[in-house]
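Notes to accompany the following structure.
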Amino acid sequence: MRNSGLSKEDQFAVLHSVLEHVHEGVYCVDNDRRIFYWNEAASKITGYSAEEMLGKRCFETNLKHVDHSGRNLCAAMCPLVATMFDGRIRTEPVYAHCKDGRMVEVVVNSYPLQIGDHTVGGIEIFTQKAVVDAHKTFVRNDQAEKSDASGLPNSDYVNYYIDLKIQEKRHFDNPFVVELIRLDNFDEIEKAHGEDAEMTMRKLADCIRHEMRSSELLGRVKKNLLAGIYMSATEDDVPIIERHVRYAVQNMEQEKNLKLSIAGCAAVSDDSPSRLIQRVSEKLDRKK
């Protein structure tokens, strides 16, 4: 932030705000391995609050990092201590003990904390490995799970994506909404016009996707049913999203005399893809 015009106090406030809003757990230790910073994501992943961690040396906490062989890393040279010793950045999977008794696998990235040429501590940034792996699989499968008929993600892919977002909500409290859009007279259109029903679904999808953000997903879960996953949205946003969908397709809806049902629900932390889709489906059926 050189020459930013901000005072040092304001610069630190900005950096603090950034670290409190990232999804990765972050904590910092001094050369005595005493924790002097612990962010909100670290609390969400482990269950330990900043008040419980600050001022303690990392090996005095109940995190008790272990490796795949069960070796207690806190009693030896863990990745963070090794980085503080030689200045090398490290990325390693380890297991951490959470406050609720669970042992979770996390990917830790350790960095030396330096002022000038002097190492004054270390920084560890960690993410739950299941989330990292899910994201990698999602990227790898991005083009592999497409519906042959429409070019849209199919039901398996939609379920997988919802499961990924449920994990993110569970660990990082990221809200999202699933919206179902059903073409109720699909069979009538198909019977009267054949391939026109398929073309109608594709055009509907194009209209809806045009109004969605790049981080959101629209898939096709049945021949007459689309599913939209809308990020950073709560139950209060459901009617707003439904109005946006109606607005996006209104011209086509009127021109083609389409009969559409639209309903949505926000995810909760103990959801599964099937439970969430079932809730939205029941709400959709009540609207028909």
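Here 163, 187 are screened, and the one residue that is in the same structural domain as residue 278 (by TED's automatic domain parsing) and either in a loop (DSSP other than H, G, I, E, B) or under 32 Å from the mean Cα position of the chain (by Cα) (or both) is 163. Pairing residues of the range 98-117 that are not assigned by TED's automatic domain parsing to the domain that holds residue 83 with residues that are part of a loop (DSSP other than H, G, I, E, B) and surrounded by fewer than 17 Cβ atoms within 10 Å (Cβ to Cβ), at Cβ distances under 6 Å and at least 6 apart in sequence or on separate chains, gives no pairs at all.
Condition check ((1) touching a residue at least 60 places away in the same chain (Cβ under 8 Å); (2) under 18 Å from residue 154 (Cα atoms); (3) assigned by TED's automatic domain parsing to the domain that holds residue 175) across all residues:
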{"position": "220", "(1), (2), (3)": "yes, yes, yes"}
{"position": "230", "(1), (2), (3)": "no, yes, yes"}
{"position": "235", "(1), (2), (3)": "no, no, yes"}
{"position": "244", "(1), (2), (3)": "no, no, yes"}
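Residues checked against (1) charged (D, E, K, R); (2) surrounded by 14 or more Cβ atoms within 10 Å (Cβ to Cβ):
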| position | (1), (2) |
| --- | --- |
| 12 | no, no |
| 16 | no, no |
| 20 | yes, no |
| 24 | yes, yes |
| 29 | no, yes |
| 37 | no, yes |
| 50 | no, yes |
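Checked against (1) farther than 18 Å from residue 113 by Cα; (2) surrounded by 13 or more Cβ atoms within 10 Å (Cβ to Cβ), residue 70 passes all but a single condition, namely (2). The listed residues are 279, 275, and the only one of them that is basic (Lys, Arg), crowded, with 18+ Cβ neighbours inside 10 Å and farther than 22 Å from residue 187 by Cβ turns out to be 279. Inspection of the range 28-41 finds no residue satisfying the criterion of being farther than 19 Å from residue 123 by Cβ and at pLDDT 85 or above. Just one of (1) touching a helix residue (DSSP H, G or I) at 6+ places or on another chain (Cβ under 8 Å); (2) among the hydroxyl-bearing types (Ser, Thr, Tyr); (3) free of Cβ contacts under 8 Å to residues at least 24 places away in the same chain fails for residue 69. It is (1). Checked against (1) surrounded by fewer than 21 Cβ atoms within 10 Å (Cβ to Cβ); (2) part of a loop (DSSP other than H, G, I, E, B), residue 91 passes all but condition (2). If only residues of the range 123-151 that are modelled with pLDDT of 85 or more and either in contact with a Phe, Trp or Tyr (Cβ under 7 Å, 6 or more places away or on another chain) or not in a strand (DSSP E or B) (or both) are counted, the one that is farthest from residue 30 (Cα to Cα) is 124. Scanning the range 8-24 turns up no residue that is in a strand (DSSP E or B), among the charged types (D, E, K, R) and farther than 26 Å from residue 174 by Cβ.
The values are calculated or read from the model by the stated rules, or taken from the named source; none is laboratory data. Computed from a prediction, not measured in an experiment: that's the story for all the values here. Glycine also receives a Cβ, built like all others from the backbone with ideal geometry; neighbour counts cover every protein chain displayed.
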